[in-house]
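Shown next, in structure tokens, is the structure this report addresses.
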Amino acid sequence: MDDSQQAGRDSRDEAAEAVEEVAGESRGRHLMVRALVWGVLTLVLLWWFERSYRY
Amino acid sequence: MRTFDLLVLVAFLVYIVWDGVRRGGEVKNAKDYLLAGRRMRWWAMGLSVMATQASAITLISTTGQGFATGMKFLHFYLAIPFAMVVLCSTVVPWFHRAGIYTAYQWLETRFDRSTRVLASLVFLFSRALAVGAVLYAPSIVLSIGVGIPQWLSITVMGLLCTLYTTVGGATAVITTDAKQMLVMFAGIFACLGVAWWRLPDDVGVSGLLQLAGAAGKLDTFHLPADAREALSDPYNLFSGLLGGFFLFLGYFGADQEQVQRYLAGSSVEQSKKSLLMSAFAKVPMQFVILLLGVSIWGYFTYRPAPAFFREEELAKALERRTDPEAAALRERFAVLRTDYAARVEQRRARAGELLAAERADADAAALSARAVALRAEEAELAKLRSAGQALVAEAGLPQPKKNDQDFAFTHFLVHEMPIGLAGLVLAAIFAAAMSSVVAPINSLATSSVVDVVALLRRRPMEASELVRSTRWATVFWGLLGTGAAFFIGDRPIIEQVNRIGSVVYGSMFGVFILGRLVTRARGNVGAISLASGLLVVLAVQHLVTNPELQTQLFRIEQPLKIEFMWFNLIGFAVVMGVGWLLSLFAPRLPPAAAVAAPSAAAR
């Protein structure tokens, strides 16, 4: 493998890593939004649970 | 305990030690030893984060709280999902990209060495005491409730934890923590299954929940009536969501014990996911543990239960004595048991009336009247249990101040769990204790070597030297914690350890956020702000625990009580305020120069 082939391969690897990092960040953001929704949903569920068994 | 159950426990311990020690073979360099080679998957780190937080006393005392006072304690955890999201947007990417071993290294890149060393010393001081307390607290309950000698459980847990943490480093900690967390889940669900399975057919789980609700044990959503209640009651929505928010930001974001778990991730995304696992699972897990306590309460409503959980121990102690005082105590004990048996019958009758009214679709007023009657019986039974507690103290039994409710879980384990499953639950208690010991030992060793010892040397530490020194430091902290567990005794040190956590967490997290948000705050501003936050919180704590002092200083009629969770918010606010004020006197620098590249200090 000559130097130009190696350089091309390295740049493809770097590009793939960058794409993966961006995709990872996007997945992370989605998960964080879901965690926030889950936090609020937990409060609603606990309110409903407490209210269902209040005498 | 039956022999087979003890064999299950021994098999579990042997497996965990073998699994931890064999990870030593994977250690090739400092990154492997301190950060598990940064190749951990999110689920392993996530389970480890949860296992580190859940100690044996969490398992035992939380079920005890569920048994005695219900599910109010759940408020404590409500802020976790929100805190985790903030951490995933802030410190997780900062620390991960900086390529550091400890959170405090980041502070040197942003402020100066004094800030890093101060933060590290605060962590070392606050955590060193905790290791002994984490070992000591469950050993009392295991000794009295299960019959395992206190010295044996402390020695076995302390030495085994030290052994496999020393050999296997962070990889051993995370992989064994993950497995121990699964054993904890299995133990909790096994207990819940048995408690529900053995409820009378005409009661069932729905009847149990109706009874618990009527007895006021399902209070999972409590709005305080006023600001005074919000500050003085630790278990309400405000203190849980606001005070708890800063507590968990500090605990997961600035405590090396937790930071070191998620720094082991193979990418920022993996580290974020590991924390978000707690965001999704922690509140449901605590809900189930508290529900287990409530279920044990429901179980003993329909099955023979002791008047108090140390009844058998007291009876044996009094039988051995021949003095006149013992005779008087025996007489009072007999009366108490008779009264208790009668009250239990009455409570069962009130419970039956309430469930019958539910089945007959009675109106709200009729149901409410039956709930009031049930709560009145509960209050009488609580008084009798307190009288039992007083007898335990008068008879001179060890640990007279230990809450009787803390023995509910072990009583259920020893007397009600079937063979084999009892061993699994016992293993779950050991798993909870050990997973809360290895993480602090590992992080204390890492921080003491990386943030203190390495800085005291004139030349930089080689990787092999770093691993060797951290191994020795692990032995030191492990043995110190094990030894401390023997000397803690019944002193109020455990309470102090818990308080120290809340004294430091808010301030510690504040200094990280200060570093990011206030670009002009540099140099020793970090250390000064951190010290200010700690001192103010200590002063507030001293003030709120001394009502006379409040009256003298402020001439107020009703002294103010502030629960410990709020200290985190106070510490955070003081650090940010002092840091911002001091930054006003600093010369303005371009943002690029103000925020240095953190990797510079990653050594």
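The values are calculated or read from the model by the stated rules, or taken from the named source; none is laboratory data. On a predicted model such as this, the values are computed, not experimentally measured, just so you know. Neighbour counts are summed over all protein chains in view; Cβ atoms, including those assigned to glycine, are modelled from backbone coordinates with ideal geometry.
What residue, among those in the range B:40-99 that are β-branched (V, I, T) and closer than 18 Å to B:V134 by Cβ, is nearest to the chain's Cα centre (by Cα)?
Result: B:T58.
Suppose we filter the range B:350-409 for residues that are without any contact (Cβ under 8 Å) to a residue 12 or more places away in the chain, over 30 Å from B:A317 (Cβ atoms) and of a type in the set (K, R); how many remain?
1
Write out, first by first residue and then by second, each pair whose Cβ atoms fall under 9 Å of each other, whose residues are 6+ apart or on separate chains, and whose first residue, in the range B:262-282, is under 18 Å from A:E20 (Cα atoms) while the second is β-branched (V, I, T) and modelled with pLDDT of 95 or more.
From residues that are under 18 Å from A:E20 (Cα atoms), the pairs are B:G265/B:V92; B:V268/B:V92; B:S271/B:V92; B:K272/B:V92.
Quick one: which of A:L41, A:L36 is more than 8 Å from every other protein chain (Cβ to nearest Cβ) and surrounded by 11 or more Cβ atoms within 10 Å (Cβ to Cβ)?
It is A:L41.
For the range B:240-331, give me every one of the helices (runs of 4 or more DSSP H) that falls completely inside it and has 2 or more residues that are at pLDDT 95 or above and surrounded by 24 or more Cβ atoms within 10 Å (Cβ to Cβ).
B:244-254, B:256-262, B:268-302
For the condition surrounded by 20 or more Cβ atoms within 10 Å (Cβ to Cβ) and either outside any helix (DSSP H, G or I) or out of contact with any Asp or Glu (no Cβ under 8 Å at 6 or more places or on another chain) (or both), what is the one hit in B:A439, B:A473, B:A531, B:A454? Step through it out loud before you land on a result.
Details: B:A439 fails: either outside any helix (DSSP H, G or I) or out of contact with any Asp or Glu (no Cβ under 8 Å at 6 or more places or on another chain) (or both); B:A531 fails: surrounded by 20 or more Cβ atoms within 10 Å (Cβ to Cβ); B:A454 fails: surrounded by 20 or more Cβ atoms within 10 Å (Cβ to Cβ).
From the options B:A439, B:A473, B:A531, B:A454, the qualifying one is B:A473.
Return the residues of the range B:499-513 that are over 16 Å from the mean Cα position of the chain (by Cα), buried (at least 24 other Cβ atoms within 10 Å of the Cβ) and not hydroxyl-bearing (S, T, Y); say none if nothing qualifies. If you could, list the steps in order and put the result at the bottom.
Just the residues of the range B:499-513 that are over 16 Å from the mean Cα position of the chain (by Cα), to begin with: B:506-513.
Keeping just the survivors that are buried (at least 24 other Cβ atoms within 10 Å of the Cβ) gives B:506-512.
The answer is B:G506, B:M508, B:F509, B:G510, B:V511, B:F512.
Does any residue in the range B:171-184 that is over 21 Å from B:G37 (Cβ atoms) come within less than 7 Å, Cβ to Cβ, of a residue that is outside any helix (DSSP H, G or I) and modelled with pLDDT under 95 six or more places away or on a different chain, and which pairs are these?
Filtered contacts from the range B:171-184: B:M184/B:A54.
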